[in-house]
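Have a look at the structure below, then the notes.
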Amino acid sequence: MSRFETRRDKLRRTVKRRGAEALLVTDVANVTYLTGFTGDSTYLLLRRDGETLISDGRYTTQLGEECPGVDLEIRASNVNMCNSTSGVVRRAKVRNLAIEADSMTVGFREQLAEKLPGVEFMNTSGLLVEQRSCKDRDEIQRIRKAVRCAEKAFATVCAALAPSKTEKDLADELDSAMRRLGAQCASFPPIVAAGPRSALPHASATKQPIGENGFLLIDWGARDDLYVSDLTRLVIRGKLSAKLRRVYSVVLEAQTKAIEAIRPGVAVKDLDAIARGVITDAGFGRRFTHGLGHGIGLEVHENPRLSVLSDAVLRPGMVVTVEPGIYLPGWGGVRLEDDVLVTRNGHEVLSGAAKQLDEVMVG
Ligand code: ZN
Ligand code: ZN
């Protein structure tokens, strides 16, 4: 049985427990997770006795190659997605259809319901969250590869820093270095923020030259074989100020303590509290303005979210980022981010880029 069949069978049992006859999967990452299909504009109807991919003629060949054994419904160019989907549901004689409320638009739901009188719709949310948050061996391998690729690219770009280069130059260099190293693309547009701009947690790279001195916050990742990495490092150039030394040390301690606590059974909100405690004790509590981290996988932001808002508990196979930060408007921000696998007895930090203060000083 392929890993996709295993995943679909597991989901089938979940859908059955919820009392639905079938699930219409509309979330593009969920379709990829369940079938291996890497394109878009394609839905999956998962029935108790099989499944059908609903797509269009652009993807016929690709679907045949990537999803052997899955029934295909390829719509003609004069049939829209709603008609094609409703036809498949009707022919399968489904009377009780679960839908993904987090991805299907209200408009599509209304159109589909109009075409399917007598079919009861059941809104579901996060049916695949549990399943997708714990990675199998193959997924972990792919994430490792994405981490390695991102780190190699980072080393290349750091070795060629020059004062005349802009934030955007560095972001573009990272992007192209990751592609050259085999990645499909960057997992998101790299953040390269010099000095005060690093106080914006999600700064976009500007055309400002980075200059001779000061520090750079770089947040980047690669997408390799569909899976992503997500890392953040600070690069310090020139003289180290007392303030930067202090802020950096606090963030590093917060991150180190949180990572040390990672093992199965730990509540994610407790992890967030450990890092937040260190930062708050140092007097910067109000300057850590986001959650501690998030799961990564097919998407950059997956469950579990490492946040006080989540009741999730760590389980083996989860891969999460740990990324505390301190942001001081007008001065700058410091964030460190690593990708960590929850193992059966503890954890393994997948990323290895140097981060001790003396290691991130260049020049
Ligand atoms: Zn990041
Ligand atoms: Zn992140």
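Structural remarks
- Filtered trypsin sites (Lys or Arg not before Pro), region 186-286: DSSP coil and at most 12 other beta carbons within 10 Å: K207, K239
- For trypsin sites (Lys or Arg not before Pro), the sites in region 317-363 that DSSP calls loop and that have at most 10 other Cβ atoms within 10 Å are R344.
- Dipole in debye (nearest 20) - the chain, about Cα centre, beta carbon charges: Lys, Arg +1; Asp, Glu -1: 420
- Residue among P324, G265, L244 farthest towards the positive dipole end of region 172-329, charges placed on Cβ: L244
- D225 paired with V308, simple spin-label distance in nm, labels 7 Å along Cα-to-beta-carbon: 4.0
- In region 40-127, trypsin sites (Lys or Arg not before Pro) in a DSSP loop with at most 11 other beta-carbon atoms within 10 Å: K93
- With R₀ fixed at 30 Å, the C-beta to C-beta distance from R137 to A354 puts the FRET efficiency at about 0.60.
- Percent of beta bridges antiparallel (DSSP, the chain, rounded to nearest 5): 75
- Carbon + sulfur, % of accessible area of the chain - ligands and nucleic acids excluded, 1.4 Å: 50
- Between T280 and A155, the modelled label-to-label distance comes to 3.9 nm, taking each label 7 Å out from Cα in the direction of the beta carbon.
- Calculated FRET value between H290 and V129, using beta carbons and R₀ = 22 Å, to 0.05: 0.60
- At R0 = 45 Å, FRET efficiency that the Cβ-Cβ distance of N96 and K168 yields, to 0.05: 0.30
- Gap separating the Cα centres of region 257-284 and region 137-191, nearest whole Å: 28
- Burial order of peptide ranges 144-150, 260-266, 170-176 (average beta-carbon count within 10 Å, highest first): 144-150, 170-176, 260-266
- Per residue accessible area in Å² of region 236-304, where ligands, DNA and RNA are left out and the probe is 1.4 Å: 44
- In this rough spin-label picture, where each label sits 7 Å from Cα along the Cβ direction, the A267-A29 distance is 2.5 nm.
The values are calculated or read from the model by the stated rules, or taken from the named source; none is laboratory data. The structure displayed is predicted, hence computed values, not measured ones. Because the Cβ atoms are built from the backbone with ideal geometry, glycine has one as well, and the counts that use them run over all protein chains shown. Note: areas computed on protein heavy atoms with side chains; ligands, DNA, RNA excluded. Shrake-Rupley method; radii C 1.70, N 1.55, O 1.52, S 1.80 Å.
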